[in-house]
Each structure stands twice: as structure tokens, then as C-alpha cells.
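Participant: Okay, here's the structure, questions in a sec.
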Amino acid sequence: MEDSELRDMMVRTQLIPRGIRDKRVLFAMGKVPRHLFVDEPIRHRAYDDCALSIGDGQTISQPYMVAVMTELLELKGDERALEIGTGSGYQTAVLAGLAKEVYTVERHGSLSMQAMKTLDRAGYGNIHFRVGDGTLGWPEESPFQAIIITAGAPEIPKPLIEQLDEGGIIVIPVGDRFGQRLLKAKKLNGELQGEYHTPCTFVPLLGKYGWTDESP
Ligand code: SAH
């Protein structure tokens with residue numbers, strides 16, 4: 001089967017039946033070539049209904065989880081979006097098609113470099129990369145109208161709350177190191193108003209305002 005057919009099938013069998021409704025999200029996920037974001041030996045599994053290994057002990061998230069998180073961000077197209085946890089760059093690509101500018105931070109230099117190469121080759125011109133501790137955010141480029149964290153956190157890192165614009169939305173898996181729930185919070189009159197969504201399991205957000213390597 002062609003990659004484009006596999007993508008159509010992914011949208012029809014994994015996303016729509018599970019309740020993803022935002023047409024722009026469905027369109028973006030029907031377009032982004034997910035197979036380019038995984039290594040050759042597992043490329044045939046790129047559109048499977050699961051997370052896959054991308055090296056350095058990290059994973060490319062399950063397509064459904066990417067869709068849910070993106071839909072919760074309610075992107076309209078004029079946002080400056082911050083992503084913590086570039087990983088393969090797949091979620092970054094989906095965001096880049098739906099927001100104006102994407103700022104993405106990854107703590108592993110090797111993953112960031114690989115993602116940059118893939119996204120450059122795919123022709124994206126609105127993505128900015130940084131290697132470092134994303135729990136500190138990217139203060140020089142703030143405020144952001146959308147912030148997404150693609151690693152599991154004990155709570156929302158304080159710097160990210162500060163860097164979220166008034167009316168902006170942050171989506172983050174919050175819980176313990178082995179299981180979380182997606183938290184969506186909106187900044188209204190300087191205060192965060194949050195609601196919990198689907199349970200999920202992400203690799204840990206390691207850093208100053210995340211888990212430390214020594215955390216239980
Ligand atoms: N969205 C990515 C998910 C990658 S997994 C994808 O679909 O491919 C989560 C990523 O978060 C990992 O690459 C991990 O290295 C990164 N990460 C964990 N803690 C981080 C931190 N404090 N700052 C930046 N990246 C972090």
C-alpha cells in the first residue's frame with residue numbers, strides 16, 4: 001500500500017472513530033509523512049496504532065495521542081507555539097502546518113539534529129530548534145499562544161505558565177513517572193483554568209522543573 005493510503009487509513013480507522021473532529025487536525029495528519037520520522041528498519045510500522053522507538057530511549061507518540069493533543073490546542077493559524085520534547089519531530093511537523101511559528105526544545109542533541117534534518121528536507125520553514133532543558137521554556141521568544149509538552153511531568157513547569165500568553169492554551173501529560181492524564185489549561189485573567197482529559201503514558205520530562213534523574 002502507498003504511504004498516502006496508509007495515512008488515509010490511519011485517519012479513518014484510528015482518529016475519526018475515536019472522536020477526533022477538528023478538520024484541520026485530520027487534514028494535517030493526513031498530509032504529514034510520518035514514515036520519514038522513524039528509522040528505516042521500522043518504517044513499515046510508521047502508521048501503526050502505537051508509539052515507536054526513535055532511539056536514545058525515546059518514542060514517537062501514537063498517532064491518536066498526537067491528534068488529541070493537537071486538537072486540544074485549538075490552533076487557528078496565527079499562533080506562536082512552543083513544543084517541549086521535539087523527539088522525532090513528527091508532532092512538530094503537525095504543529096507547523098497549523099500554527100504560524102513553532103519553537104521546539106529537545107534535551108537530546110542527537111534527536112534534535114535528526115529532527116531538524118527531516119523537517120528541513122520536508123520543506124518546513126517556520127520551525128525553530130533549541131537543544132536544552134525545555135522546562136525552562138524559551139523566554140526570549142515568549143509569550144506563546146500555545147504550549148505543548150510531549151513528555152510526562154509531575155506538574156506544569158512554572159516558567160511555562162509565565163511564558164503562556166493571556167488566552168493561550170497549554171497541553172501537558174501530568175501524573176507520576178509511569179502514568180499521566182492529559183491536562184489542558186487556559187490562561188484567563190492571568191490564572192490557569194484546567195481540565196483533565198485522556199489517560200496516557202509518556203516518557204518522563206527530565207529537567208529543573210520536571211523530574212530529576214534521581215526522582216523515584
Ligand atoms: N513529540 C515527540 C515525542 C518524543 S518523546 C515525537 O512524537 O516524536 C518526548 C521527548 O521529550 C524525548 O525526545 C525526550 O528526550 C524529550 N524531553 C524530556 N525532557 C525534556 C526536557 N526537559 N526538555 C526538552 N526535551 C525533553
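What follows draws every value from the coordinates through simple rules; no lab data is involved. From a predicted model like this one, the values you see are computed outputs, not experimental measurements. Cβ sites come from the backbone with ideal geometry, for glycine too, and all protein chains shown count toward neighbours.
Participant: Roughly how many whole Å is it from the C-alpha centroid of segment 63-101 to that of segment 104-133?
Facilitator: 14 Å
Participant: Quick check for me: using +1 on Lys/Arg Cβ and -1 on Asp/Glu Cβ, what's the dipole size of the chain about its Cα centre, in debye to the nearest 20?
Facilitator: 420 debye
Participant: Student exercise: in segment 3-200, how many lysine pairs 8 or more apart or on different chains have Cα atoms under 26 Å apart?
Facilitator: Total qualifying Lys-Lys pairs in segment 3-200 comes to 23.
Participant: Along each principal axis of its Cα atoms, how long is segment 1-123 end to end? Whole angstroms, biggest number first, please.
Facilitator: Per principal axis, max minus min of the Cα coordinates gives 36, 35, 24 Å.
Participant: Now for a separate question. Using amide H atoms built 1.01 Å from N in the peptide plane, name the residues 5+ places from Tyr103, or on other chains, whose amide H lies under 5 Å from its own.
Facilitator: The list, which skips near neighbours in sequence, is Ala81, Leu82, Glu83, His128.
Participant: If amide hydrogens are placed 1.01 Å from N in the peptide plane, which non-local residues have theirs closer than 5 Å to the one on Leu206?
Facilitator: Long-range HN contacts for Leu206: Trp211.
Participant: Right, here's the next one. Take the Cα radius of gyration of segment 89-195 and divide it by 2.2 N^0.38 Å, with N its residue count; two decimals is plenty.
Facilitator: Working: Rg = 14.0 Å, N = 107, 2.2 N^0.38 = 13.0 Å.
Taking N as the residue count of segment 89-195, the ratio is 1.07.
Participant: I'd like the distance separating the alpha-carbon centroids of segment 134-161 and segment 1-46, in whole Å.
Facilitator: Value for the Cα centre distance between the two parts: 27 Å.
Participant: Determine, for Ile147, Ile54, Ile172, Ile161, the number of other Cβ atoms within 10 Å of each Cβ, and report the residues in order from fewest to most.
Facilitator: Ile161, Ile54, Ile172, Ile147
Participant: On the Cα set of the chain, report Rg and Dmax in Å, please.
Facilitator: Just the Cα atoms of the chain yield Rg and Dmax of 15.9, 50 Å.
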